[in-house]
1. Mind listing whichever residues of segment 81-110 are modelled with pLDDT of 75 or more, more than 22 Å from the chain's Cα centre (by Cα) and of a type in the set (A, V, I, L, M)?
2. Do the conditions hold for K49, that is, is it surrounded by 10 or more Cβ atoms within 10 Å (Cβ to Cβ), at pLDDT 90 or above and of a type in the set (K, R)?
3. List the number of the failed condition for A92; all other conditions in (1) exposed (fewer than 10 other Cβ atoms within 10 Å of the Cβ); (2) among the small types (G, A, S); (3) in contact (Cβ under 8 Å) with a residue 60 or more places away in the chain hold.
4. When you scan segment 60-76, do you find a residue that is surrounded by fewer than 12 Cβ atoms within 10 Å (Cβ to Cβ) and modelled with pLDDT of 70 or more, even just one?
Amino acid sequence: MQTKEKEKQEERKLKEEEERKRAQEAAEGKEETKKEREEFENSLGKIDKDNIEVCEQMLGKKANSNHGANMESRDDTRGNKQEKMWRRGDAAAKGQIDRQKNKDIERLQRKNNNLVRMATGRENKELDGIKEDNQALIHDMLSLGDEVENLNRDNKRGVETVMEKSPPEELVRGKVKQVDDARTGVPQLNGQS
């Protein structure tokens with residue numbers, strides 16, 4: 001009784017810890033996505049400014065030769081930053097997915113172990129019950145066999161009783177003739193064929 005309550009309390013504690021961890025990870029994930037979004041919006045703002053400058057150059061407004069070289073280097077840096085950000089985001093997402101998978105696996109393993117433990121306990125109880133029933137049946141069969149044997153011994157009639165109820169056959173009175181049977185060559189008593 002107490003062990004079941006302890007197990008339930010342990011399960012509740014484990015569930016609460018898992019919920020806390022999930023909530024903390026969710027908060028961290030939200031913060032990461034918020035930072036990534038801000039970085040993305042900043043990079044979009046920079047892209048917009050650069051696009052405006054490129055358009056002005058194409059239209060012939062205020063074109064700097066130095067400005068074109070700066071644009072190429074900015075594009076390279078911006079591309080690298082964007083690529084790094086996506087890779088970081090992918091790595092973070094993969095890490096989070098892996099952590100979640102590991103937690104789920106651990107949780108399912110604990111659940112499986114608990115179920116196996118409970119099933120094994122039930123099976124042992126059932127097996128013990130069956131063994132006890134089997135022993136009781138064996139004992140009953142032995143005692144019934146003894147009773148039958150005793151009844152058979154007690155129910156046998158003595159010689160005097162048998163002679164009283166069914167006396168021996170009386171001898172036939174008179175002479176007995178022996179007749180040879182021609183067919184078989186064996187002497188027969190009179191009246192038998």
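1. The answer is A91, A92, A93, I97.
2. no
3. (1)
4. no
The values are calculated or read from the model by the stated rules, or taken from the named source; none is laboratory data. A quick note: this is a predicted structure, and the numbers were derived from the prediction, not measured. Neighbour counts run over all protein chains shown; Cβ positions are idealised from the backbone, glycine included.
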